[in-house]
1. Going 7 Å from the Cα of Ile119 toward and past its Cβ, which residues in the range 84-111 have a backbone nitrogen under 19 Å from where you end up?
2. Could you work out the local net charge near Thr115, counting Lys and Arg as +1, Asp and Glu as -1, over the other residues with Cβ closer than 12 Å to its Cβ?
3. From the cross-link list Lys122/Lys145; Lys195/Lys272; Lys194/Lys272; Lys84/Lys121, which pairs have alpha carbons spaced over 19 Å apart?
4. For Arg97 and Glu287, compute 0.36 nm times the residue count separating them, minus their Cα-Cα distance, and round to one decimal in nm.
5. Taking 22 Å as R0, compute the FRET efficiency from the Cβ-Cβ separation of His132 and Gln73 and round it to 0.05.
6. Once fully extended, how much extra length lies between Arg153 and Ser225, figured as 0.36 nm per residue of separation less the alpha-carbon to alpha-carbon distance?
7. Below 8 Å, C-alpha to C-alpha, sequence gap of six or more: please give me the relative contact order for the range 150-288 in percent.
8. Pulled fully out, how much extra length does the chain show between Glu180 and Ala164, if you take 0.36 nm times their separation in residues and subtract their Cα-Cα distance?
Amino acid sequence: MHMIQSSRYASITSNDQKSEHGEPLARTTQPYRPMTGSKDDRTPRTQVSQSETREDRDKANHTTAMHYAITEQLAIDIIEGRWKPGQSMTLNDIQERFSISRTVAREVAHTLESTHAVIVKKRVGLIAQDLHEWLSLDTQVIRWKLHSNHRRRQLLTLNELRLAVEPIAAADTAIKASIETRALMPVLAMELRKKAKSGNLDEFHRIDVRFHNEILTNSGNELFSALSSLVSIVLVSRVEQGLYPEKPRPEALDAHEQVADAIWKGDADLAKEAMTRIVDEVRASTEQS
């Protein structure tokens, strides 16, 4: 019985492997591999991987957002006096208060420590520090203060810094920037006026941030360039906190155009004078708020 089955199998495969001239052909058929599982279980591996990757990414983003929110809340607690300098808090305290994992609590502690808002001691925990110990120019510290009841004081000190830096940066850009950068400034100033006239304030503020950043980063001074992110925070925060007028003032638009024209023409003195008017107007409006 077994010999007959073997012979029949050989005959079938032999016929399948001969050409019309009786010449043997290489076997090209693939062995049969039955699919197992239900139809719903037959999801391609790449699709499963992409789904898992997306879920992992969403989970990581949620964890990061939670980490930043908790860090900011604890920082503001110190700024506003609820967590007094010298007082300690353990990782367990943070975990219980915010219902978070040990890993997230450690990340919060690391971020606070990196800005000198706290020091971490073994068997003691996180110890809050006086504000004068913090890294005042760190962008995270600036954001924390702007989101606290120290907002007005922080804006005033930042505007004083801008007043010391940006007029000189404008003068330097008029002299040192490339012809391409100098030619760009009148274009940006024109776009500012156009967006202000159309009422497209979101685009207006985006261009305003770029205008000031171009000046700082093309001044030829690496320290001025390093302050560009700080100035951006000031400009954005004024908008977020309702400190920017609903309609840009004509004199502010005029001053931006004068800065741009002076930079294009290489007139350092005029660029410095016009930029001084821009920043001084911001300082005055902040003091009156």
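1. Answer for this model: 84-91, 109-111.
2. Neighbour charge sum, excluding Thr115 itself: -2.
3. Lys122/Lys145; Lys195/Lys272; Lys194/Lys272
4. 64.7 nm
5. The pair His132/Gln73 has a calculated efficiency of 0.55.
6. Answer, rounded to one decimal: 23.5 nm.
7. Contact order relative to length: 41 percent.
8. 3.1 nm
Read the figures in this text as sums done on the coordinates, not as results from a lab. Predicted, not measured: the structure shown is a model, and the values here were computed from it. Cβ atoms come from the backbone with ideal geometry, glycine included; neighbour counts cover every protein chain shown.
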